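Worksheet for the structure shown next.
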Amino acid sequence: MAAGIEDVARAAGVSTATVSRALRNLPNVNEATRERVRDAATRLGYVASPSAASLASGRTRAIGLISPWVNRWFFSNVIDAAERELRAHGYDVLLYTFDIRRQSARPRVDPDVLRRRVDGILVVGLPLAEDEIAALVGLGYPLVCIGWGGSEQTTVRVDDRAIGLAATRHLTSLGHRRIAHLTGTPDDVHPWSPPVEREAGWREALREAGIEPEEDLLETGGFEIAGGRASIARLIERRPDLTAVFAASDEMAMGAILGLRDLGLRVPQDVSVIGVDGHELGELVGLTTLAQPVDEQGAAAARLVLDMIDGRTAPESVVYPTALLERSSTAPPRA
């Protein structure tokens with residue numbers, strides 16, 4: 001039978017309350033007693049019960065993490081980095097996810113699944129409606145958003161409008177004028193969501209270059225490889241004269257490259273392609289991209305929610321820079 005707290009108390013010659021305080025590094029325990037308790041716990045193989053620790057502290061030692069997907073590059077990397085950071089601080093993750101691709105409309109976030117089960121909440125890449133945010137805030141837990149921002153919540157993100165500007169400016173600087181854009185889904189309409197902001201950057205950069213954005217050069221790819229592959233086929237059928245594509249994610253960009261090959265078109269000789277993210281597989285296809293530090297964003301968001309739990313003030317927004325990785329998928333337009 002595993003040793004209990006009473007066994008440690010007897011071995012160390014102290015009360016169970018002192019054992020609890022010593023092992024949780026609480027004050028009012030002198031160092032000699034603390035060491036004696038630790039030695040006894042180690043010798044007996046005592047491991048404190050997480051549920052007992054939670055009852056004593058009034059905390060669950062868990063963070064709720066809301067994400068629409070776990071199998072896409074941005075989401076999986078952010079979730080992994082956040083989970084590693086939280087675990088290093090003794091916290092577990094309660095994952096709340098749903099597959100929005102199979103729904104005619106996105107399911108609404110139900111705050112009751114997190115009630116009394118977490119100490120804080122992270123929302124990854126899922127722009128929420130005002131009433132959904134209000135419902136989560138109403139739970140009374142610290143809330144941090146990753147990859148999107150709005151409604152005055154603490155946010156860890158990149159500047160998505162600047163990304164759209166930089167990607168499109170790269171193409172216009174090479175001489176392209178018929179530049180298509182692959183965005184997310186038709187229901188990406190929240191003003192603070194990444195696809196809306198990246199599309200706005202595309203439009204702004206085109207107008208900056210004296211080019212009026214054309215609506216038939218805009219297509220949805222669902223932020224996935226298959227979606228990018230299908231969308232480029234629709235674009236080429238509609239606009240065979242396009243010479244470049246700015247995809248709002250590397251996965252859509254890689255899908256576009258595959259789709260162009262399906263059609264017998266060469267990248268970049270016939271069509272240039274640029275993406276966003278810095279996906280590890282992008283190098284295999286020579287993808288030019290705007291790389292973002294996803295691991296840093298996930299870890300930073302985890303640290304922020306822990307700071308807020310401990311009563312420290314968090315900044316309204318932490319914005320990470322991106323870097324242009326110029327590879328072989330972009331070049332001047334064909335003659």
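Among the conditions (1) out of contact with any helix residue (DSSP H, G or I) (no Cβ under 6 Å at 6 or more places or on another chain); (2) over 23 Å from Arg161 (Cβ atoms), the only one that Leu217 does not satisfy is (2). Is it the case that some residue within the range 124-131 is surrounded by 21 or more Cβ atoms within 10 Å (Cβ to Cβ) and either at pLDDT 90 or above or assigned by TED's automatic domain parsing to the domain that holds Glu204 (or both)? The answer is yes, given that some residue of the range 124-131 is surrounded by 21 or more Cβ atoms within 10 Å (Cβ to Cβ) and either at pLDDT 90 or above or assigned by TED's automatic domain parsing to the domain that holds Glu204 (or both).
Can you tell me which residues in the range 260-297 are outside any loop (DSSP other than H, G, I, E, B) and of a type in the set (D, E, K, R)? Listed by number, the residues that qualify are Arg261, Asp262, Asp277, Glu280, Glu283, Asp295, Glu296. Of the set (1) farther than 30 Å from Arg238 by Cα; (2) buried (at least 21 other Cβ atoms within 10 Å of the Cβ), all apply to Ala134 but (2).
Total residues in the range 207-221 satisfying the condition of being surrounded by 15 or more Cβ atoms within 10 Å (Cβ to Cβ) and in contact with a Lys or Arg (Cβ under 7 Å, 6 or more places away or on another chain): the figure is 4.
Restricted to the range 165-184, and to residues that are assigned to a strand (DSSP E or B) and out of contact with any Pro (no Cβ under 7 Å at 6 or more places or on another chain), which residue is nearest to Ile236 (Cα to Cα)?
Per the stated criteria, the residue is Ala180.
Here Leu284 meets each of (1) among the hydrophobic types (A, V, I, L, M, F, W, C); (2) over 30 Å from Ala88 (Cα atoms); (3) touching a residue at least 24 places away in the same chain (Cβ under 8 Å) with one exception, condition (3). Report, ordered by the first and then the second residue, all pairs with beta carbons closer than 8 Å, sequence separation of six or more or different chains, a first member in the range 238-255 that is surrounded by fewer than 24 Cβ atoms within 10 Å (Cβ to Cβ), and a second member that is part of a strand (DSSP E or B) and among the polar types (S, T, N, Q). Correct list of pairs: Thr243/Ser272.
For the range 27-55, which positions are surrounded by 14 or more Cβ atoms within 10 Å (Cβ to Cβ) and modelled with pLDDT under 80? Quick ask: steps written out before the conclusion?
Restricting attention to the range 27-55, the residues satisfying the condition of being surrounded by 14 or more Cβ atoms within 10 Å (Cβ to Cβ) are 29, 33-34, 36-38, 40-41, 44, 46, 48, 53-54.
Across the range 27-55, the qualifying residues are Ala48, Ala53, Ser54.
Is the range 184-196 home to any residue that is of a type in the set (Asp, Glu) and surrounded by fewer than 17 Cβ atoms within 10 Å (Cβ to Cβ)? Checked against the condition, which is being of a type in the set (Asp, Glu) and surrounded by fewer than 17 Cβ atoms within 10 Å (Cβ to Cβ), the range 184-196 yields at least one hit.
Conditions tested, residue by residue: (1) surrounded by 23 or more Cβ atoms within 10 Å (Cβ to Cβ); (2) farther than 26 Å from Asp80 by Cα; (3) touching a residue at least 40 places away in the same chain (Cβ under 8 Å).
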| residue | (1), (2), (3) |
| --- | --- |
| Ile257 | yes, yes, yes |
| Arg261 | no, yes, no |
| Thr289 | yes, no, no |
| Asp295 | no, no, yes |
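Taking the range 255-274 as the range and being closer than 10 Å to Ser329 by Cα and in contact with a helix residue (DSSP H, G or I) (Cβ under 7 Å, 6 or more places away or on another chain) as the test, the residues that pass are Ile257, Val267, Val271, Ser272, Val273, Ile274.
Condition (residue is charged (D, E, K, R), outside any loop (DSSP other than H, G, I, E, B) and outside the structural domain of Arg198 (by TED's automatic domain parsing)) applied to the range 298-318: is it met by at least one residue?
yes
It is to be established whether one or more residues within the range 198-217 are under 27 Å from the mean Cα position of the chain (by Cα), in contact (Cβ under 8 Å) with a residue 24 or more places away in the chain, in the same structural domain as Gly286 (by TED's automatic domain parsing) and in a loop (DSSP other than H, G, I, E, B). For the range 198-217, residues under 27 Å from the mean Cα position of the chain (by Cα), in contact (Cβ under 8 Å) with a residue 24 or more places away in the chain, in the same structural domain as Gly286 (by TED's automatic domain parsing) and in a loop (DSSP other than H, G, I, E, B): absent.
Only residues that are modelled with pLDDT of 90 or more and not in a loop (DSSP other than H, G, I, E, B) were counted across the range 11-26, and they come to 2.
The values are calculated or read from the model by the stated rules, or taken from the named source; none is laboratory data. All of these numbers come straight from a predicted model, not from anything done at the bench. Virtual Cβ from ideal backbone geometry, glycine too; neighbours counted across all protein chains shown.
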